[in-house]
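What follows is one structure encoded as structure tokens, with my remarks underneath.
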Number of protein chains: 6
Amino acid sequence: MFVYQKKLEYPVRISNPNPALAKIIISQYGGPDGELGASLRYLSQRYSMPYPEIKGLLTDIGTEELGHLEMVGTLVHQLTRNMKDDDVKKAGLETYFVDHTAGVFPQFASGYPWSAATMQVTGDVLADLNEDLAAEQKARVTYDNILRLSDDPDVNNVIRFLREREIVHYQRFGEALRLATDRLDQKNIYAINPAFDK
Amino acid sequence: MFVYQKKLEYPVRISNPNPALAKIIISQYGGPDGELGASLRYLSQRYSMPYPEIKGLLTDIGTEELGHLEMVGTLVHQLTRNMKDDDVKKAGLETYFVDHTAGVFPQFASGYPWSAATMQVTGDVLADLNEDLAAEQKARVTYDNILRLSDDPDVNNVIRFLREREIVHYQRFGEALRLATDRLDQKNIYAINPAFDK
Amino acid sequence: MFVYQKKLEYPVRISNPNPALAKIIISQYGGPDGELGASLRYLSQRYSMPYPEIKGLLTDIGTEELGHLEMVGTLVHQLTRNMKDDDVKKAGLETYFVDHTAGVFPQFASGYPWSAATMQVTGDVLADLNEDLAAEQKARVTYDNILRLSDDPDVNNVIRFLREREIVHYQRFGEALRLATDRLDQKNIYAINPAFDK
Amino acid sequence: MFVYQKKLEYPVRISNPNPALAKIIISQYGGPDGELGASLRYLSQRYSMPYPEIKGLLTDIGTEELGHLEMVGTLVHQLTRNMKDDDVKKAGLETYFVDHTAGVFPQFASGYPWSAATMQVTGDVLADLNEDLAAEQKARVTYDNILRLSDDPDVNNVIRFLREREIVHYQRFGEALRLATDRLDQKNIYAINPAFDK
Amino acid sequence: MFVYQKKLEYPVRISNPNPALAKIIISQYGGPDGELGASLRYLSQRYSMPYPEIKGLLTDIGTEELGHLEMVGTLVHQLTRNMKDDDVKKAGLETYFVDHTAGVFPQFASGYPWSAATMQVTGDVLADLNEDLAAEQKARVTYDNILRLSDDPDVNNVIRFLREREIVHYQRFGEALRLATDRLDQKNIYAINPAFDK
Amino acid sequence: MFVYQKKLEYPVRISNPNPALAKIIISQYGGPDGELGASLRYLSQRYSMPYPEIKGLLTDIGTEELGHLEMVGTLVHQLTRNMKDDDVKKAGLETYFVDHTAGVFPQFASGYPWSAATMQVTGDVLADLNEDLAAEQKARVTYDNILRLSDDPDVNNVIRFLREREIVHYQRFGEALRLATDRLDQKNIYAINPAFDK
């Protein structure tokens, strides 16, 4: 089970609302490579993971990503706070606004509601860990792209923190993949389905 | 942020694997009215909720639902543990198995990957709370239906616990709706968009 | 069965085309909380509704919403009539135009084609009526938001009429919920599945 | 606007419940080529149709398909009426039942909620009418396939009626296409966008 | 099987990058009526097509459309080459850029990832060929609309070539439909399911 | 452009129709980790790939996967050939049959039409190659699972061939990732967006 602590993993304090920026940052809330997908991917994969230390890693990173999801939601909220009608129009946020006002909805930047089709849980150690490595790289690119489009230091500090964490997670999943590969029986390589085979 | 505690809110100990039952219980993991949608709905709505006590309620229930998601994932995992090929066929689980083996994937019972289109965040107090009341009722129906199709006491004890919690949440959201309605300015009734108007 | 009458429930006569406004109003045609979803939700729920007067209410409101869908389609059509290429660009309507020219397509403002995942039919009296109450509130918010972004009186008169109807429907569904709750057997409360149990 | 008449276009009286049959007939309610898509396609295309008689045809057929949708919903309802838990299991209806009990939900037979991505409105006379011809043929195939899997005369009489209507609609749309082609200016052939060009 | 030839069916050489134009042309890559859907539709339908010459036609056109997909991808790539951050913003391409940088992703212009729900394979000669006729008309409209919004001759030459090919394909599918209709047994008309009936 | 050669990369000759097996093999046609997604992913990523040899690799493997898609389509077709109505029911193929008869449609085994949301094109060398490594592993698991559920040697020979190719592709993409990493400037590591930066 999860316990909520009323603080963010890293503080978010935006001085200047900027709905146009919120419009792209929402992709890290509910986009194809955002924090919702990351968290749910790892927290779902752990049930069928046979190695306790990798199961623990999935739980740890999955739980941390829940906290990142909260940070991104906070960014979107602070960037859209106290909008006036004209701000909505200037920012090109009308299509979001008509359905969600200034609420934080898990969607791609384009408006596509988040779908679990963007992630996988295969019940296979090697496939799941490769999926996780790819997820961390794709999240890193998304943060890269936000940094290219934003010049607000209040936002960029937070994005840089989150981006760094993805790189660390990529390294941790790389270690887990090596650990898992070492443990696999020669005959079993590329064929293991641990939850099913044991 | 969230802290993981290595225990379930209510214990899950299934003696008899039953993949056919897992096939319908997965709907409470990633179905249209399952725990993923519940949790994400409440944790997303809280950013634009203007009343601190209702914001706190959304956070509390959203966090509890994360724990329920974990319980449902554990149910699915224990019911599909140690399956043999023939078990898959007997349970009619082939279409799930080919893509996810015995991994726990957030999908409708029919196989539709969970979509955020099943939930809403409107940035409006009254609309969001009505959405939440409906969500709790629909989750309750899903648990009703699982109870009708299952006669495994190990499963049903867990389902009854979860079902009871939905009824409590329904009551809590009902109280919140009354509280919110009382606070609304007469002129503003049915028109409030707190995150936008203040 | 349905009979078409060649008049709108409320007249729509737009003097000034305004494709930028059509871009957000389309959400009431095929958006997450628009008239298509409303109509189909009620007309689908009525089959399993056990109480004749609530079944009649679902049919009446569902049929009226079909007429509202027609009014919204007429709004979108009149606002995009006689567009020139430059009008498309000025209005930021290019992505809609490339696929639908000036046709009226049931989609979210963002371009997501309408999906039945946005609605539910549970076969349960209490869950369905709570779903309906939420639907009316969410539609009301969408109309609120259109009013905030539009200053065309020809449009706003129509939107205000439609918004008023949603509030009336909310009240009617509230009465239906009380009526249904009163009829439920004490033991059965929160557990009824009328189509299945009778 | 639409007026509801409390009778079906063709009577539906099923003597023997048969949930397994309902499971495939639901595809004519909310499947890729079912009555919902047909009705909404025609009723949406009429706004941009420049020729009054074809506009009228789209309205007429679209309205009739609303009545067919009601007939199919009635079929599904009567086939699933008074189910017992065991009936659900014998019919293989568990995945539908867990989410919708015996409610009538607009989905593919596979469980995919109906999506407007299955239809088009292009704002172009020739493209829309070709789309409609294809829709009628695909609906006809769906009815063919239901007839192949069903041997219940109560059901098959209704299906045969509906199938006949699709063939008539195909002929009507074929005539409309010839009429539209005749009217097109030579220079304009294959390039018309009437709502936009006039 | 397929062999790749390192040349385009028709050359694409764009002198002036124009990301705003790429934003709408992407719809011919992965939009509702684009080349991906065309190609996959025909290459999928051929398995159940009983007449060898129509099967060959589906293979030929399906293979050509793969080449058109490549041409459209090349267009999008050349139009977005060497973008600077400011170009992204000026073109209104931020929501695409955040998730795909300048990569070519199969999506609607609105951002909806391509879905096979936009196409059909019915296993029926008449339905499949009507579907194909509609597909060609809808693709033609999409090209019409691109031509209306673009005044770059480098782009328009390519679009005109592709548009011409759709018109030729429409004629070829029309001939195939006549051929198929002629061959159908009188009794069998509108009822054939060749893969199933033979 | 692509040239079609009228032979399969590896022969498919199924002696015994087996629609129940087709029902799961379809996932390699249009499932989350099937050949359609593989092919389209690689053929789409190549536009923004800056290194010619990796661009060539993406083209080669993408083209080969098109041939695999054809082999899987042929498998599904031969397994469902000459079905009788009773075969459809015995195989539990009714929900597929009602919409597609014996046509080959790109869908998940569960019936979800293939969606491009299952793949990514990020315009980033490292992210795209990690995505590709994951794709190959997930495809390998799908083939593993088919082998567990099938005991038809005619099918399994083909599946084993396809599975072997995925393992080879995984190795090739691993080499490409090392090659790309070596070329990256130290400062640029994890931050490259080649199509954008050059």
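Kirkwood's formula applied to the C-alpha pairs of the stretch C:75-159 gives a hydrodynamic radius of 15.5 angstrom. Shown here are the Rg and Dmax of the Cα trace of the stretch A:1-106, at 16.3, 55 Å. Put simply, the Cα atoms of the protein assembly as shown extend 71, 70, 59 Å along their principal axes, the longest span coming first. For the pairs A:6/B:6; B:89/F:89; E:6/E:138; A:89/C:6; A:6/A:138; B:23/F:90, note any where the Cα-Cα span goes beyond 26 Å. Over 26 Å Cα-Cα: E:6/E:138; A:89/C:6; A:6/A:138. Its residue count N sets the reference 2.2 N^0.38 Å, and the alpha-carbon radius of gyration of chain F equals 1.13 times that reference.
Go ahead and estimate [θ] at 222 nm for chain A from helices alone: -39,500 (n - 2.57) per DSSP H run with n ≥ 4, summed, over the residue count, rounded to 500.
Mean residue ellipticity, 222 nm, calculated: -20000 deg cm²/dmol.
Candidates A:168, A:153, A:179 compared by Cα position along the dipole of the stretch A:89-188: farthest toward the positive end lies A:153, with charges placed on Cβ. Sorted shortest first, the separations between the residue F:151 label point and its copies elsewhere in the assembly read 3.1, 3.1, 7.0, 7.2, 7.7 nm; each point sits 7 Å from Cα along the Cα-to-Cβ line.
Convert 37 °C to kelvin, take the viscosity as 0.692 mPa s, use the Kirkwood radius over C-alpha pairs of the stretch A:83-123 as Rh, and evaluate the Stokes-Einstein diffusion coefficient in µm²/s, rounded to a whole number. So the translational diffusion coefficient is about 274 µm²/s.
Its Cα centre serving as origin, the stretch D:1-153 has a Cβ charge dipole (Lys and Arg +1, Asp and Glu -1) of approximately 380 debye. Normalised by residue number, the volume inside the convex hull of the Cα atoms of the stretch C:54-104 is 81 Å³ per residue. All other residues whose Cβ lies under 9 angstrom from that of residue C:19 are scored, Lys and Arg at +1 and Asp and Glu at -1, for a net of +1. Residue D:178 label point, 7 Å along Cα→Cβ, cut-off 16 Å on backbone N: hits in the stretch D:122-149? Answer for this model: D:130, D:133. Across every pair of non-identical alpha carbons in the stretch B:1-42, the mean reciprocal distance, once inverted, gives a Kirkwood radius of 12.5 Å. For chain B, the longest principal axis of the alpha carbon atoms and the long axis of helix B:35-45 meet at an angle near 20°.
Rounded to the nearest 10 degrees, the inclination of helix C:125-149 to the longest alpha-carbon principal axis of chain C is 20 degrees.
Each copy carries residue D:52; placing its label point 7 Å along the C-beta direction from Cα gives inter-copy distances of 4.3, 5.5, 6.6, 6.6, 8.2 nm, listed from smallest up. Computed from Cα positions, the angle between helix F:52-80 and the longest principal axis of chain F comes to roughly 10 degrees.
Counting only Cβ charges, +1 for Lys and Arg and -1 for Asp and Glu, the dipole size of the protein assembly as shown around its Cα centre is about 0 debye.
So which trypsin sites (Lys or Arg not before Pro) in the stretch B:50-141 pass both tests, a DSSP loop state and at most 13 other Cβ atoms within 10 Å of the Cβ? Intermediate values should be presented prior to the final figure.
Numbers: sites: B:55, B:81, B:84, B:89, B:90, B:138, B:140; in loops: B:81, B:84.
When the trypsin sites (Lys or Arg not before Pro) of the stretch B:50-141 are filtered for loop state and at most 13 Cβ neighbours within 10 Å, B:84 remain.
Each residue, residue B:55 and residue B:171, gets one label point 7 Å from its Cα in the Cβ direction; the gap between the two is 2.7 nm. Distances between copies at residue F:168, taken between label points 7 Å from Cα along the C-beta direction, are 3.5, 4.2, 5.9, 5.9, 7.1 nm in increasing order.
Every read-out reported here was derived from the displayed coordinates using simple, explicitly stated rules and does not represent laboratory data. Since the structure is predicted, the reported quantities are computational estimates derived from the model, not experimental observations. Positions of Cβ are generated from backbone atoms using ideal geometry, with glycine treated the same way; all protein chains shown enter the neighbour counts.
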